[in-house]
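*Asks:* One structure, as structure tokens, below. Some questions next.
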Amino acid sequence: QVPLKPGRSLMDWIRLTKSGKDLTGLKGRLIEVTEDELSKHNKKEDCWICIRGFVYNVTPYMEYHPGGEDELMKAAGTDGTDLFDQVHRWVNYESMLKECLVGRMAVKPIAAPKVICLACKFIKEALLECLGLFLYAQGKYMFFSLLYFLFYSYDWFQTDSLVTIVIYTKQKDMNAELVIVDCQDKRLRGEIIVDDHSYLVEVDLDHAVSEDVAVNIAEKVGKVEIILSKKDTIHWKMLGQPWEGHNTFIKRTDRGLFYRKCKLVSKTEVTHDTKLFCLMLPKGTHLRVPTGQHVYLKQIIAGTEVVKPYTPVLPFLTLDFQEPPLHDDVHIYLMIKIYSHGLFTQALDHLQVGDYIFVSNPEGNFKKSQVQTSEDLLLLAGGTGFTPMVKLLNFALTEVSCLRTVKLIFFNKTEDDILWRNQLEQLALQDERFEVQFILSQPTKDWIGKQGKISSSLLSELVKRSKRDSKVFICICGPAPFTEQGVQYLKDLGYSQEEIHAFTA
Ligand code: FAD
Ligand code: NAP
């Protein structure tokens, strides 16, 4: 993110798009754009970009781009789909750039959404896997993973009252975090996550079903059952009409984000500017957000869809860490700072209990296994960068037996900004493995604790291995420059890339 000129915020952009001004220079006409034509529009004052086969004149958007003009110029006059997907595939560009649409690419759309039928996928994966097998000689694992891909399939059967969809994943470690089911208004969507790929069953059901959906997972054999209750005791001739992505096994990043409507059930104060929002999933949804992952919230603001990422937390830091936490699988808790001039959080703060908001599937590249083998866990958080640390703390202290020390170093401006201070202090008293250190950058004169900003000297003093050779894992999250600087300081102090996880967009 770069500082933008005054009058160039997202809200200002939304206003401009609603002003009726001709933003494409084509007076509302849509044209077919050749590759040759696209490449001519490659200057700041005349810049077209293609995303998923659609061409946008982004010249008027230049000064409003939160990542800055230079970032946008990287895709000037070209197909920017891959770059866009790498940086922020969750941003709803269709809605944000609607008024900048020039038209479609004339020839075949470049990098159109990749929906690969299962048969094609098998062949492609088989070739890639074989290639990998021979070129890189990665042995049995590759061979068996190829077999897993080949055997992905689903089946369904019915009784008078039930319809059961069975997905055979052949994944030995299948669990509830890897299965996302949504069944609303006769549409069934069941997604199985397998590393960075996903298998999807998505149909418009033949007949109506009740809102109650049961999901059974046979973890050892990787069998997933989705059990629907028929509304009427009719014999179904088919499961339903398939959607475009039905029965496909593709990269997760090639699937569009899926959203469901969730109800705001409570909103409680955490600090003077931060609130805990509790959202309730719809009845037909089965979704559990894994530790370290975030979701996207979507709201319509001034007629434009706006999307922002948020990291679910727990309702509180349980003080009894002896038992793994009970998942209620119904509520999602979000700890969100309301910015006085923030576009999204202001709209969020205006939501009333009972209102609805769209919540996406989880995303993120954090892997629990990185913590599972560590002896020392260090968490560096700045402000709401504390949010991913909540579930991580819970996981570390309840489920990772080899961890000897867990230390949270929490940077805030003032004492009033510290999130869940009491709970953290209680936890430190309760569990001798856990220690918390608060550091304030703008303390009052009464503050007797540590003060300062993230720095090399501060980290060299606070970040230490409990034994000379102990396995350490460090997680860091906060304002982007805080995270970037922190990672650099840690590397300067001799910690390797593998020992650090930075939570970023
Ligand atoms: P914005 O409109 O983006 O403004 C934010 C602040 O910047 C305001 O103070 C505003 O005045 C200022 N500002 C806006 N535009 C400019 C400009 N051009 N120049 C200078 N200043 C400007 N946040 C949480 O609270 N909780 C979470 O759990 C959480 N999880 C996240 C997870 C991820 C993966 C990421 C990337 C971010 C997360 N965030 C979280 C941050 C969140 O996504 C939003 O960025 C945040 O809520 C602000 O959104 P907003 O639209 O209200 O603010
Ligand atoms: P904040 O209150 O503004 O800052 C928290 C602490 O970080 C303060 O001590 C602050 O010191 C310091 N800080 C801020 N900018 C810094 C910089 N450039 N260099 C060094 N220290 C800096 O924080 P916030 O408003 O809660 O914002 C939290 C951030 O975390 C947001 O940007 C959000 O997007 C991000 N976040 C990311 C994720 C994720 O998963 N990626 C999850 C949650 C939150 P000063 O006195 O210098 O300001």
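Bear in mind that the values in this text are calculations on the coordinates, not laboratory data. Every value quoted in this text rests on a predicted model; they were computed, and no experiment measured them. Positions of Cβ are backbone-derived with ideal geometry, glycine not excepted, and every protein chain shown enters the neighbour counts.
*Asks:* What ³J(HN,Hα) values, in whole Hz, does the Karplus curve 6.51 cos²θ - 1.76 cosθ + 1.60 give for region 432-437 when θ = phi - 60°, with x put for Gly and Pro?
*Replies:* 6, 6, 9, 9, 10, 10
*Asks:* Search the structure for amide H atoms under 5 Å from the amide H of TYR152, placed 1.01 Å from N in the peptide plane, and list their residues when 5 or more places away or on another chain.
*Replies:* none
*Asks:* For the chain, what is the charge dipole size about the Cα centre, in debye to the nearest 20, if Lys and Arg each add +1 at the Cβ and Asp and Glu each add -1 at the Cβ?
*Replies:* 380
*Asks:* In nm², what is the average projected area of the convex hull enclosing the Cα atoms of region 316-462?
*Replies:* 11.3
*Asks:* Suppose R0 equals 35 Å. What FRET efficiency, 1/(1 + (r/R0)^6) with r the Cβ-Cβ distance, do LYS98 and ILE338 give to the nearest 0.05?
*Replies:* Rounded to the nearest 0.05, the efficiency is 0.80.
*Asks:* Once fully extended, how much extra length lies between LYS223 and VAL330, figured as 0.36 nm per residue of separation less the alpha-carbon to alpha-carbon distance?
*Replies:* Values: separation 107, 0.36 × 107 = 38.52 nm, distance 2.26 nm.
Contour length minus Cα-Cα distance gives 36.3 nm.
*Asks:* Sticking with this structure for a sec: Want the number for ARG15 to ASP273: 0.36 nm per residue separation, take away the alpha-carbon distance, what's left?
*Replies:* 90.2 nm
*Asks:* Next question. Which residues does the label zone of GLN372 cover in region 466-505, counting backbone N under 12 Å from a point 7 Å along Cα→Cβ?
*Replies:* The answer is none, because no backbone nitrogen lies closer than 12 Å to the label point.
*Asks:* Among PRO6, VAL472, LEU281, whose Cα lies farthest out toward the positive end of the dipole of the chain, if unit charges sit on the beta carbon of Lys, Arg (+1) and Asp, Glu (-1)?
*Replies:* PRO6
*Asks:* Where in the chain is the longest stretch that carries no GluC sites (Glu not before Pro) classed as loop by DSSP and with at most 14 other Cβ atoms within 10 Å?
*Replies:* The longest uninterrupted stretch comes out as 245-431.
*Asks:* Could I ask something else about it? How many angstrom lie between the Cα centre of region 344-423 and the Cα centre of region 270-313?
*Replies:* If you average the Cα positions of each part, the centres end up 14 Å apart.
*Asks:* Collect residues whose amide H, placed 1.01 Å from N in the peptide plane, falls under 5 Å from the amide H of CYS47; neighbours closer than 5 in sequence don't count.
*Replies:* Those qualifying (amide H under 5 Å, at least 5 residues apart or on another chain) are VAL58, THR59.
*Asks:* Given region 156-213, what whole percent of its Cα pairs are spread farther than 16 Å?
*Replies:* Value for region 156-213: 48 percent of Cα pairs lie more than 16 Å apart.
*Asks:* Give me the compactness ratio for region 446-505, meaning the Cα radius of gyration over 2.2 N^0.38 Å.
*Replies:* Taking the Cα Rg and dividing by 2.2 N^0.38 Å, one obtains 1.19.
*Asks:* Right, another one. Take the cross-link list LYS251/LYS275; LYS308/LYS391; LYS44/LYS337; LYS18/LYS308; LYS263/LYS298 and give me the ones stretching past 23 Å between alpha-carbons.
*Replies:* Checking Cα-Cα distances, LYS251/LYS275; LYS44/LYS337 exceed 23 Å.
*Asks:* Here is a further query. What does region 259-363 give for Rg and for Dmax, in Å, if only its C-alpha atoms count?
*Replies:* In order Rg, Dmax, the Cα atoms of region 259-363 give 13.8, 48 Å.
*Asks:* Hey, what D do you get for region 10-105 in µm²/s if you plug the Kirkwood alpha-carbon radius into Stokes-Einstein at 4 °C and 1.567 mPa s?
*Replies:* For the chosen part, D equals 98 µm²/s.
*Asks:* Also, quick follow-up: If each of GLU45 and GLN86 carries a label point 7 Å out from its Cα toward its Cβ, how far apart are those two points in nm?
*Replies:* 3.0
*Asks:* Counting other beta carbons within 10 Å of each Cβ, put SER340, SER441 in order, fewest first.
*Replies:* Listed from fewest to most nearby Cβ atoms, that is SER340, SER441.
*Asks:* Another question, if that's okay. Using alpha carbon coordinates only, what is the Rg to Rh ratio of region 380-505, with Rh defined as the Kirkwood radius?
*Replies:* Expressed as Rg/Rh, it is 0.94.
*Asks:* Further, regarding this structure: What translational diffusion coefficient, to the nearest whole µm²/s, does region 361-413 have by Stokes-Einstein, given a Kirkwood radius computed over alpha-carbon pairs, a temperature of 37 °C and 0.692 mPa s viscosity?
*Replies:* Roughly 277 µm²/s, to the nearest whole number.
*Asks:* Related question: Which value, in nm² and rounded to one decimal, describes the direction-averaged projected area of the C-alpha convex hull of the chain?
*Replies:* Quarter of the Cα hull surface area: 27.7 nm².
*Asks:* So if each residue of separation counts as 0.36 nm, and I subtract the Cα-Cα distance between ASP173 and LYS231, what length gain in nm does that give?
*Replies:* 17.5 nm
*Asks:* Could I ask something else about it? Give the calculated FRET efficiency between GLU244 and HIS207 to the nearest 0.05, with a Förster radius of 22 Å applied to their Cβ-Cβ distance.
*Replies:* That gives a FRET efficiency of 0.50.
*Asks:* Arranged by the count of other C-beta atoms within 10 angstrom, fewest first, what order do THR159, THR285 take?
*Replies:* Lowest count first: THR159, THR285.
*Asks:* Distance in nm between label sites at ASP155 and LYS445, each 7 Å beyond Cα in the beta-carbon direction?
*Replies:* Taking the two extended label points, one gets 7.8 nm.
*Asks:* Stick to the Cα atoms of region 180-293, pair each with every other, and give me the Kirkwood hydrodynamic radius in Å at one decimal.
*Replies:* Computed over Cα pairs of region 180-293, the Kirkwood hydrodynamic radius comes out at 16.2 Å.
*Asks:* Estimate the FRET efficiency between SER456 and LYS186 by the formula 1/(1 + (r/R0)^6), using the beta-carbon distance for r and 60 Å for R0, to the nearest 0.05.
*Replies:* 0.55
*Asks:* Moving on to the next point. Ignoring solvent entirely, what values of log10 I(q)/I(0) come out of the Debye formula for region 44-90 at 0.26, 0.28 Å⁻¹ when each Cα is a single scatterer?
*Replies:* -0.99, -1.14
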